[in-house]
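The values are calculated or read from the model by the stated rules, or taken from the named source; none is laboratory data. What you are looking at is a predicted structure, and each value in this text was computed from that prediction instead of being measured. Ideal geometry is used to build each Cβ from the backbone, glycine not excepted, and the neighbour counts take in all protein chains shown. Remember, those area values only see protein heavy atoms, side chains included, never the ligands or the DNA or RNA. Shrake-Rupley method; radii C 1.70, N 1.55, O 1.52, S 1.80 Å.
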Amino acid sequence: MKRLLISILILAGFSAHSSASLITNAYGRDYRLLNGRWDAIVDLYDQGDRMKVYENRSPEGNTDFYEYALKGGLRLEVPGDWNSQNPELKYYEGTVWYARSFEANPKPGMREILYFGAVSYRCNVYLNGKEIGKHEGGFTPFEIDVTDDLHKGENFLVVEVNNRRTKDAIPALAFDWWNYGGITRDVMLISVPDNYVENYFLRLDKDNHDTIRVDIGMSQPLAGVKVSVEIPSLGKRIEGTTDSSGKFSGSIKSGKLKLWAPEAPVLYDVKINGGEDEVSERIGFRDIRTDGTRILINGKPQFMRCVSFHEEIPQRMGRAFSKADAVMLLNEARDLGVNMIRLAHYPQNEYTVRMAEEMGIVLWQEIPIWQGIDFTDATTRSKAQNMLTEMINRDKNRCAVGFWGVANETKPSAERDDFLMSLLETGRALDTTRLYTAAFDLVEFDKERQLFSMNDPFTENLDVVAVNKYMGWYHPWPLTPAESVWDVTPDKPLIISEFGGEALYGQSGSRDVTSSWSEDYQARLYEDNIRMFDNIPNLAGVSPWILFDFRSPFRFHPTNQEGWNRKGLVSDRGQRKKAWNLMHNYYMKKKQEYEK
Ligand code: GCB
């Protein structure tokens, strides 16, 4: 029935930003990767559709020929962005057709799901010459049930990918990072029983820390299907049967649980069964909440020692996508002394999220509602809701995720408020076990009161308020740092979600002159900001912008930037700048203070 409904909606022209189903824990299933080298055509003038490149054709007879032929041309690695794989594609924004063949041997009675970790930014998918699905949004997964279209033997899969920036997209026309295009994450063919465990959500009961709440949704809306959840190391198991919508909800009295915390990231092996299907993974349980101006994890106040990075390996000048990439990014973050990462400015790949969880790093994940979004556009709003839904659906069982971010640097307006409110409602309907936040750049110096303050009533709707403030970079100091006192949302926890300034690694210069782009000036700026942090009474965490220098077409100072945002504490080659030490020392001090 549900599948029928989805088909009807697709036929009715229901666009790609509808919230379609998404299998929980793709990596925990029986899958094979369709990664590797795919054939590709760069289609600057969007002619591929007319040329029917999605049909696996070869010339027949004496007069037949094809201009848009896939074989023998460009080949691109999947996963990967195209920009870093071919010098001519460095700045390319447009359509690229990807194609590959693969053998399949679908078993009777099983369902086959084609799952894309992410395609940047929009795509149409064709299997064996037929359009089977489309998706918009470059940082979240989507799936297509291909059971009825998959052939025994050879199959021909084509993905038309387009990364053109548009006003109604998210992010929109301009943003401060590289607009990588391509099939940027794993492609998987997942095999599941006909009626399978489509989604599940296990989490600690908010009020009883000896209780685990369980929701299971089978793929088919059938009543009476047996389901169970087992946590062998606790000797606990719950069983039940689905209701007529294929769902089951229950709770496990777990007894005393070891809760996941940054200092002790405990995860439990969990087995979920439903009908013929079985899936297992490691899940942790924790409580995160606010109490006045404090953030508590399992009841204990935490100062969030955070940092951000883009999903980018600077040394490779390309998007990060693998386990090895996650190791590199996370190890550098851990060395700085963090207990939290803000994954900027979009959901990042699952390797990073899962590995951060194993390492005890709290995550803030957000959707790319980054300046310049058209809040008046209802389609854009539904795209945003869909992105948020896909992000939450993918990572709702990752206890490391403590924060869902709904926006970065938006300006107050009735349309903005409505738009963001709809996101909070969408999020809270799916998940109330995280804190909801957004980052604002609206803090100003109030001359009359001689204080830093901010006026955006929307902040009342958030659990934690975050502020990006570049004192000493975009804003000269109106007072000395020691005199710079803040009065910003005084009753809520406040995180400084961005601060910093640019420096070219190895460049020495004046500590007083911003345009020296020197490590010395950047270090001074960090000293000053760290001094100011003592004057923010409700400060619950800080996050320097950013861990690594990153590529951005915004940044074209001819000698100091050359297409790089140089605010990294670590250079594009991996060298730590002077400010790194200051931040590291500050974090070590904060850690001691909070562990006393
Ligand atoms: C910001 C943005 C971030 C930019 C940064 C900058 O406020 O949130 O995406 O990269 O400033 O470097 O200006």
- Note on the structure: If unit charges are put on Cβ atoms (+1 for Lys and Arg, -1 for Asp and Glu) and the dipole of the chain is taken about its Cα centre, the option from GLY72, ILE297, ILE113 lying farthest towards the positive end turns out to be ILE297
- Item | Helical contribution to [θ] at 222 nm, DSSP H n ≥ 4, -39,500 (n - 2.57), averaged over the chain, rounded to 500 | -5500 deg cm²/dmol
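In debye, nearest 20, what is the charge dipole magnitude of region 188-334 about its Cα centre with +1 on Lys and Arg Cβ and -1 on Asp and Glu Cβ, if you could check?
The calculation lands at about 660 debye.
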- Rounded to the nearest 20 Debye, what is the dipole magnitude of region 377-424 about its Cα centre when Lys and Arg each give +1 and Asp and Glu each give -1 at the C-beta? 220 debye
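Could you state the accessible area per residue of region 258-369 in Å², with a 1.4 Å probe and every protein chain left in place?
Numbers: 3340 Å² over 112 residues.
On a per-residue basis, 30 Å².
Please report, in cubic angstrom per residue, the volume enclosed by the convex hull of the alpha-carbon atoms of region 172-225.
238 Å³
How big is the Rg/Rh ratio for the chain, C-alpha atoms only, Rh by Kirkwood, two decimals?
Value, to two decimals: 0.98.
Give the dimensionless ratio obtained when the Cα radius of gyration of region 422-532 is divided by 2.2 N^0.38 Å. Could you put the intermediate results ahead of the total?
Working: Rg = 16.9 Å, N = 111, 2.2 N^0.38 = 13.2 Å.
In units of the globular-protein estimate, region 422-532 measures up at 1.28.
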- Working out 0.36 nm times the residue gap between PHE445 and ASP215, then minus their Cα-Cα distance, what length gain in nm do you get to one decimal? 78.0 nm
- Query: Quick one: which of LYS300/LYS596; LYS167/LYS567; LYS300/LYS492; LYS247/LYS383 span more than 20 angstrom between C-alpha atoms?
  - Reply: LYS167/LYS567; LYS247/LYS383
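As an exercise, use a Förster radius of 51 Å and the Cβ-Cβ distance of SER280 and GLU55 to find the FRET efficiency, rounded to the nearest 0.05.
0.80
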- Say R0 is 41 Å: what FRET efficiency, to the nearest 0.05, do HIS151 and ASP243 get from their beta-carbon distance? 0.65
- Task: Using +1 at the Cβ of each Lys and Arg and -1 at the Cβ of each Asp and Glu in region 415-524, identify which of GLY509, SER497, LEU435 lies farthest towards the dipole's positive end.
- Result: GLY509
- Item | Difference of contour (0.36 nm per residue) and Cα-Cα distance, LYS411 to LEU173 | 84.0 nm
- Just report the Cα centroid separation between region 191-219 and region 452-485, whole Å. 40 Å
- Note on the structure: Once TYR474 and LEU44 are pulled to full extension, the length gained, defined as 0.36 nm per residue separation minus their Cα-Cα distance, is 151.0 nm
- Task: Treat every Asp and Glu Cβ in the chain as -1 and every Lys and Arg Cβ as +1, leave all other atoms uncharged, and give the resulting dipole magnitude about the Cα centre to the nearest 20 debye.
- Result: 1240 debye
- Note on the structure: Extend 7 Å from the Cα of SER101 along its Cα-to-C-beta direction; within region 119-144, residues with backbone N under 20 Å of that point are 126-131
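To the nearest 0.05, what FRET efficiency results for SER251 and LYS271 with a Förster distance of 22 Å applied to their C-beta separation?
0.85
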- Query: Given the alpha-carbon gyration tensor of region 113-223, what are the semi-axes of its equivalent ellipsoid in whole angstrom, ordered largest first, with each equal to the square root of 5 times an eigenvalue?
  - Reply: 31, 25, 11
- Message: Can you find, among GLN522, PHE533, GLY563, the residue sitting farthest towards the positive end of the charge dipole of region 432-569, where Lys and Arg contribute +1 and Asp and Glu -1 at Cβ?
- Response: GLY563
